[in-house]
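K.L.:
I am attaching a structure below and will ask some questions about it afterwards.
Computed from the coordinates by the stated procedures, all read-outs in this text should not be read as laboratory data. Note that the coordinates shown come from a computational prediction; the quantities given were computed from them, not determined experimentally. Neighbour counts are summed over all protein chains in view; Cβ atoms, including those assigned to glycine, are modelled from backbone coordinates with ideal geometry.
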Amino acid sequence: MNEPLRTQMMDRLWELQLSHGYINDEEVSNLAEEFNLSGIEVEGVISFYHFFHRKPTGKYTIYLNNSIVADHKGFNRIKDTLERETGATFGSTDRTGTFGLFLTPCIGLSDQEPSALINFQPFTNLNAIKIKDLISNLKRSIDVESLCDWPADNIRYAPPGGTVFFRDFIPGTVLKKAAKMGTDGVIEELKNAELSGRGGAYYPTWKKWVAAKNQPAHPRYVVCNADEGEPGTFKDRVLMNTKPETLIEGMLLCGYTIGANFGIIYLRGEYRWLKPKLDNAIEAYRKAGLLGKISGGIQGFDFDIRVQMGAGSYVCGEETALLESLEGKRGEPRTKWFFPVEKGYLQQPTVINNVETFCAATRIIEMGSEAWSQLGIPGSPGVKLLSVSGDCRLPGIYEIEWGMTVAELLELCEAEDPFYIQISGPSGECISIKDKYRRISMLDLLARKDIRSGGSIMIFNKQRDLVKVLLNFSEFFKTESCGICTPCRAGNFIIQRKLERLDNGLANPQDLEDLKNWGMIMKNTSRCGLGKTATNSLIYAMDKFRDYFNSKLDKEYNGLNLKFDMEAATEQYEQYKI
Ligand SMILES: Cc1cc2nc3c(=O)[nH]c(=O)nc-3n(C[C@H](O)[C@H](O)[C@H](O)COP(=O)(O)O)c2cc1C
Ligand code: SF4
């Protein structure tokens, strides 16, 4: 497919970044000329993404994950050891330019923390000894790829009748079946199965596909959102590592149904190590005649797929920011004049679905909507993947039938003294252990309207400091806000300052009120879902753990230091005014 030159911008930046660890002045000028842009525009793109740098990042660029789960599993010890062993301090390189140390939020390995990326290869379950060995090997120029860990899949549970997502799959079978059913038949099956988007908004998949199918414009595109940036979420990583064929087949199915000829997998920069796996699976599909001209032998259906790397930006998981990034621009969310199904990639009709959604679509057509609907509960048919991490003995992937209670899940993962449970990452809802009999379903937990919910469950025990957890979340949102709208840019900053007051025992009841008010302002006035959901966990926590928050208030507070009111303070001097 002929895409405009600008769509190659991210790949060109990656090439330069990887070849010598940064992008220099001359290269910026060359890119500007090559793409017919101003130098400032190129700088604007570079500065948007965490993994593109304008200064050298060392022969070995190390990104250490600073998510809250990592923090609880020994992040500080690893951070200190890395500084000691490399001679670099975080945020810079050592004097010799060998090691660059950087912090990054969640790299999709919450089930094996502490973890880090070195030259974008994964290193998991780190401890001080492992770090010492590692750095000494790197000093001897031993190849990073020969040292890295291939992350375990940690698939811990499947329904009693057997796994749906992870069972064997024969490429092409679903496409063949779809060709027999016709496009209306595919839509009907997805509708009967009540499949809804697993990226977190739970919008009915069939409706999205029909909307794209009914657009007058061509060409049309299929985009897979493999950005998986919500801290604590890693189900898409495991799906892509174990069953990339079911993702490709789901994209083919969508392409066939909506009349598209091209698909793109937008893969988060943190999963760069997974790219060869996806590329190989795509190539195998091409070789088998399932991708390319007359895909799967279906006359008139030519479909191909490529992988596009992201470069470290959580907001690029938001579908319109993702489109901007695909087009080689800063990943700033678009104003919502159009849905992507109307004007998406290159302003053409585009279906964007999550990895799990495409994989589920494949399985639904494979097994039939009737068999799918026998799983789960009425109103919530089928199965769901959960990413479980935190204070439990068995972190990993749980494929559950919808309707399982939190209590059952906690037992399965051998949770240790659970107290505070974060459902769906920092932008989700938190519950207290008192709510453990609530059900994970479309009718209760996970699919609430105001919450984006990819299906992660982070467990925190009583010893964990809830304010510190919330501070970690607010730091995350502050760093990841694209800054284009004020409520999100300023709000995340203010919330963090207030939480710091609470953490330092200096907050008063008015601070708690302010926190809530700011949360509501951000929810109601932010442009995109990042700002709208950034205070969800805080607002829910303040409601669910009222006693805890009250216990954190300034003990000395007597109502006098509530606010300094200049007018009231100067009132008595008004009479002296001339
Ligand atoms: C800040 C933000 C981050 C998001 N991150 C992701 C993500 O990593 N993966 C994903 O599939 N959807 C993510 N979404 C949701 C997407 O915008 C979109 O709804 C989803 O990709 C649609 O696919 P689905 O219908 O299959 O869920 C995010 C939304 C927001 C606001
Ligand atoms: S809400 Fe935040 S991330 Fe979203 S557009 Fe506004 S500033 Fe950017």
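K.L.:
So what's the gap between the Cα centers of the stretch 364-385 and the stretch 56-133, to the nearest angstrom?
P.N.:
41
K.L.:
Still on this structure: Using only Cα atoms, find the angle between the long axis of helix 39-48 and the longest principal axis of the chain, and express it within 0 to 90 degrees, rounded to the nearest 10.
P.N.:
Tilt relative to the chain: about 80 degrees.
K.L.:
Obtain the nm distance between the two label points defined at K462 and N517 by a simple spin-label model: each point lies 7 Å from its Cα along the Cα-to-C-beta direction.
P.N.:
Rounded to a tenth, the inter-label distance reads 3.6 nm.
K.L.:
Collect residues whose amide H, placed 1.01 Å from N in the peptide plane, falls under 5 Å from the amide H of G376; neighbours closer than 5 in sequence don't count.
P.N.:
G382, W402
K.L.:
Enter the angle in degrees (range 0 to 90, nearest 10) between the Cα long axis of helix 275-287 and the first principal axis of the Cα atoms of the chain, meaning the one along which they spread out most.
P.N.:
20
K.L.:
How about the chain: what cysteines have no other cysteine beta carbon under 4.7 Å from their own?
P.N.:
C106, C148, C224, C254, C316, C359, C430, C482, C485, C488, C528
K.L.:
Quick one: helix 25-35 against the long Cα principal axis of the chain, what's the angle to the nearest 10°, folded into 0 to 90?
P.N.:
Its long axis makes an angle of about 40 degrees.
K.L.:
Let me ask something else about it. How big is the stretch 1-145 along each principal axis, measuring the range of its Cα positions in Å and listing the largest first?
P.N.:
50, 32, 25
K.L.:
Take the Cβ-Cβ distance between R6 and Y548 as r, set R0 to 60 Å, and report the resulting FRET efficiency rounded to the nearest 0.05.
P.N.:
Computed FRET efficiency for R6 and Y548 comes out at 0.75.
K.L.:
A further question follows. Any idea which of I62, A288, F99 is furthest toward the positive side of the dipole for the chain, if Lys and Arg beta-carbons carry +1 and Asp and Glu beta-carbons -1?
P.N.:
Working it through, the farthest residue towards the positive pole turns out to be A288.
K.L.:
Set the Förster distance to 30 Å, then compute FRET efficiency between T525 and Y203 from the Cβ-Cβ distance, nearest 0.05.
P.N.:
0.85
K.L.:
Short version: ³J(HN,Hα) in whole Hz for each residue of the stretch 251-268, in order, from phi by Karplus 6.51 cos²θ - 1.76 cosθ + 1.60 (θ = phi - 60°), x for Gly and Pro, what are they?
P.N.:
With the stated coefficients, the stretch 251-268 comes to 5, 4, 4, 5, x, 4, 6, 9, x, 9, 10, 8, x, 10, 9, 8, 9, 4 Hz.
K.L.:
OK, next. Take every DSSP beta bridge whose two residues both sit in the chain, then give the antiparallel share in percent to the nearest 5.
P.N.:
The antiparallel fraction comes to roughly 50 percent.
K.L.:
While we're on this one: Give the percent of DSSP beta bridges with both residues in the stretch 1-152 that are antiparallel, rounded to the nearest 5.
P.N.:
If I count the DSSP bridges inside the stretch 1-152, around 55 percent turn out antiparallel.
K.L.:
Amide H of S441: which non-local residues (sequence gap of 5 or more, or other chain) have their own amide H closer than 5 Å, using H built in the peptide plane?
P.N.:
For S441, the qualifying residues are G403, A447.
K.L.:
Distance cut-off 26 Å, Cα to Cα: go down the list K191/K287; K293/K384; K180/K277; K208/K436; K329/K532 and report the pairs above it.
P.N.:
The pairs that break the limit, which is 26 Å between Cα atoms, are K191/K287; K293/K384; K180/K277; K208/K436.
K.L.:
Report, ordered by chain and residue number, the lysines lying within cross-link reach of K132, taken as a straight Cα distance under 17 Å and ignoring same-chain residues fewer than 8 apart.
P.N.:
Hits, sequence-local ones excluded: K79.
K.L.:
Further question: Pop out the Kirkwood hydrodynamic radius of the stretch 141-253 from its pairwise C-alpha distances, inverse of mean 1/r, in Å to one decimal.
P.N.:
Across the stretch 141-253, the inverse of the average 1/r is 16.9 Å.
K.L.:
Counting pairs of Cα atoms in the chain, how many percent are more than 38 Å apart?
P.N.:
The proportion of pairs with Cα distances above 38 Å equals 32 percent.
K.L.:
Report the extension gain between T96 and K180 in nm, rounded to one decimal, defined as 0.36 nm multiplied by the number of residues separating them, less their alpha carbon distance.
P.N.:
That works out to 23.9 nm of additional length.
K.L.:
With all distinct Cα pairs included, what does the Kirkwood hydrodynamic radius of the stretch 227-317 come out to in Å, to one decimal, could you say?
P.N.:
Kirkwood hydrodynamic radius for the stretch 227-317: 13.7 Å.
K.L.:
Any idea what log10 I(q)/I(0) is at q = 0.11 Å⁻¹ for the stretch 437-547, Debye with uniform C-alpha scatterers and no solvent?
P.N.:
Debye curve over Cα of the stretch 437-547, log10 I(q)/I(0) at q = 0.11 Å⁻¹: -0.36.
K.L.:
Length gain on complete extension for the stretch E283 to F493, per 0.36 nm per residue less the alpha carbon to alpha carbon distance?
P.N.:
Gain on stretching E283 to F493: 71.0 nm.
K.L.:
Take the Cβ-Cβ distance between R77 and L394 as r, set R0 to 25 Å, and report the resulting FRET efficiency rounded to the nearest 0.05.
P.N.:
My answer for the efficiency is 0.60.
K.L.:
Which peptide among 224-234, 475-485, 154-164, 334-344 comes first, and what is the full order, when sorted by highest mean count of other Cβ atoms within 10 Å?
P.N.:
Order by mean packing, descending: 224-234, 475-485, 334-344, 154-164.
K.L.:
Testing the spin-label approximation: label points 7 Å from Cα along Cα→Cβ at W337 and K434. State their distance in nm.
P.N.:
About 4.9 nm, to one decimal.
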